[in-house]
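These notes are about the structure you will find just below.
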Amino acid sequence: AETWSQVPLAPPDSIFKLSAAYKDDTFPNKVNLGVGAYRDDDNKPWVLPVVKKATKILLEDPNLDHEYLPITGLPSYTTAAAKLILGEDSPAIASGRVSSAQTISGTGANHLGALFLSRFYQFNGDKKVYLSDPTWVNHFAIFRNVGIDPLTYPYYDPKTIGLAFGAFLDTLKSLPERSAVLLHACAHNPTGVDPSREQWGQICDVFLAKGHYAFFDCAYQGFASGDLDNDAWAVREFVRREVPLLVCQSFAKNAGLYGERVGALHIVAPTVETAGRVKSQLSVLTRSEISNPPAYGARIVSLILNNPELFDEWKRDIKTMAGRIIQMRKELYKLLTEELKTPGNWDHIINQIGMFSFTGISPDQSQALVEKAHVYLTQNGRISMAGLNSHNVRYFAESLDRAVR
Ligand code: PMP
């Protein structure tokens, strides 16, 4: 047979396909609510002012070279990144129990974390991970790639367009002991629905009682509330209560460094000695896959995290992004409820958190929005709030109103 004749044609990635269709559309009022990338009020990608400053400093450094980074990454970056998510005064950092590795953004962190689990986690039976239903679709492929079977736990309740907390908690209780469970640290993708602190506390109780392993994915620190510490609360609470865990971290969204692929994996170990062994294996795994990570984005983030002035400026930039998104939620809500009197309850638009919102509309209604109104969104009714702005929010509200009537 012809070489590769057995290779099946894979469908294109649905999000990237949606972006391509949007790009080809010549309708002047088209709206792209598909991809999760921040846009300013003029629908333009936003290079954070602090990133521009850090880039300037970096490029003016007469000692800048292009040597390889260490296998586990730029130490000034990984150390500061660990503090950012785990907290300046983290007990795990203070006791030297955190093993960090620089990764190819959040996707690479998920991959390395999954690969590490596949190699070294003492699974209770077959290799399985439990993902929220729904979740970022790439989670399924990432775990399958390393031989871990992805299963789901109830998370979202379409009836309330909110958290299916009872079913979620009951499922956690019914899983075998020491199950690996993926949790979104904040700003759940795709629903925008996060547990409250009280609910996180109860989730943590079950993790401790059952000995579950928490695989935290944190792709949106700062994007949920506009405050970095606030958005890291759940992770820090789990660390404080000594749940065994790892955290996948991404600077794609909160630093607007999507294409630079800046991420990290942090594994919190029970002892310093264990952390050393864990780190040695992260190094071995990374060596065979990417040899060593890319330097450019990590150098920029390292400058921002380690310079108090730049760090403060970054926090202001994050507030600008999160604030604009929160403002769009309010405006959309107001248009739907007060002006258009759109049928149904829209409270979830303002209650949901972060970049995404689950509108609760049906796949047919989503399809109609794409085909009739040139509003691009995924079939599941998820919209990226960052695609809305003062110029198009009214057009979107009116189109949504029409689609659900
Ligand atoms: N996890 C989740 C939940 C995400 O939404 C994303 C971004 N879409 C990622 C991880 C990884 O993104 P990146 O690799 O660009 O950091």
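The values are calculated or read from the model by the stated rules, or taken from the named source; none is laboratory data. Nothing here was measured: the structure is a model prediction, and the numbers come from that model. Counting neighbours? That spans all protein chains shown, and the Cβs are built from the backbone with ideal geometry, glycine included.
Summary table
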| item | result |
| --- | --- |
| Counted residues, region 250-267 - those being in contact with a strand residue (DSSP E or B) (Cβ under 6 Å, 6 or more places away or on another chain) and not small (Gly, Ala, Ser) | 5 |
| Test set (1) touching a residue at least 24 places away in the same chain (Cβ under 8 Å); (2) part of a loop (DSSP other than H, G, I, E, B); (3) not β-branched (Val, Ile, Thr) - Lys159 fails condition number | (1) |
| Residue count, region 373-401 (criterion: surrounded by fewer than 16 Cβ atoms within 10 Å (Cβ to Cβ) and at pLDDT 95 or above) | 3 |
| Pick from region 287-306, criterion of a type in the set (S, T, N, Q) and crowded, with 17+ Cβ neighbours inside 10 Å, ranking: farthest from Leu115 (Cα to Cα) | Ser302 |
| Out of Gln199, Gln221, sole residue that is assigned to a helix (DSSP H, G or I) and either within 16 Å of the ligand (Cβ to nearest atom) or within 30 Å of Arg316 (Cα to Cα) (or both) | Gln199 |
| Qualifying residue in region 94-105 (condition: farther than 24 Å from Gln379 by Cα, buried (at least 19 other Cβ atoms within 10 Å of the Cβ), more than 19 Å from the chain's Cα centre (by Cα) and among the small types (Gly, Ala, Ser)) | yes |
| Close pairs from region 225-251: first part of a helix (DSSP H, G or I), partner small (Gly, Ala, Ser) and within 16 Å of the ligand (Cβ to nearest atom), Cβ under 7 Å, at least 6 apart | Leu228/Gly222; Asp231/Gly222; Asp231/Ala224; Ala234/Ala185; Val235/Ala185; Phe238/Ala214 |
| Residue match in region 248-263 (condition: buried (at least 18 other Cβ atoms within 10 Å of the Cβ), among the aliphatic types (A, V, I, L, M) and closer than 27 Å to Trp200 by Cα) | yes |
| Where a residue in region 197-219 is closer than 14 Å to Ser132 by Cβ and without any contact (Cβ under 8 Å) to a residue 60 or more places away in the chain and its partner, wherever it lies, is within 16 Å of the ligand (Cβ to nearest atom) and in a loop (DSSP other than H, G, I, E, B), with Cβ under 6 Å and at least six apart | Phe216/Ala185 |
| Within region 114-139, considering residues that are under 14 Å from the mean Cα position of the chain (by Cα), over 13 Å from Tyr155 (Cα atoms) and not hydrophobic (A, V, I, L, M, F, W, C), the one surrounded by the fewest Cβ atoms within 10 Å (Cβ to Cβ) | Asn138 |
| Condition check for Ile142: within 15 Å of the ligand (Cβ to nearest atom), more than 23 Å from Pro270 (Cβ to Cβ), under 22 Å from the mean Cα position of the chain (by Cα) and not in a strand (DSSP E or B) | yes |
| Scan of region 326-345 for residues that are modelled with pLDDT of 95 or more and among the hydrophobic types (A, V, I, L, M, F, W, C), ordered by number | Met328, Leu332, Leu335, Leu336, Leu340 |
| Answer from Ser362, Ser357 - the residue that is among the small types (Gly, Ala, Ser) and touching a residue at least 60 places away in the same chain (Cβ under 8 Å) | Ser357 |
| Subset of region 226-248 (residues that are within 22 Å of Leu305 (Cβ to Cβ) and among the aliphatic types (A, V, I, L, M)) | Leu228, Ala232, Ala234, Val235, Val239, Leu245, Leu246, Val247 |
| Residue list for region 114-129, restricted to those being among the charged types (D, E, K, R) and assigned to a strand (DSSP E or B) | Lys128 |
| Residue within region 325-334 that is in a loop (DSSP other than H, G, I, E, B), under 24 Å from Pro195 (Cβ atoms) and either among the hydroxyl-bearing types (Ser, Thr, Tyr) or touching a residue at least 60 places away in the same chain (Cβ under 8 Å) (or both) present | no |
| Restricting region 349-394 to residues that are within 20 Å of the chain's Cα centre (by Cα) and part of a helix (DSSP H, G or I), the residue that is farthest from Lys44 (Cα to Cα) | Asn351 |
| Options Val235, Val272, Val284, Val239: the member that is more than 15 Å from Tyr77 (Cβ to Cβ), more than 16 Å from the ligand (Cβ to nearest atom) and either buried (at least 20 other Cβ atoms within 10 Å of the Cβ) or at pLDDT below 95 (or both) | Val239 |
| Set Ala37, Ala20: member being under 20 Å from Gly381 (Cα atoms) and part of a loop (DSSP other than H, G, I, E, B) | Ala37 |
| Some residue of region 310-318 being β-branched (Val, Ile, Thr), crowded, with 16+ Cβ neighbours inside 10 Å, over 16 Å from the mean Cα position of the chain (by Cα) and in a helix (DSSP H, G or I) | no |
| Any hit, region 101-123, residues being farther than 22 Å from Arg240 by Cα, more than 14 Å from the ligand (Cβ to nearest atom) and touching an Asp or Glu at 6+ places or on another chain (Cβ under 9 Å) | yes |
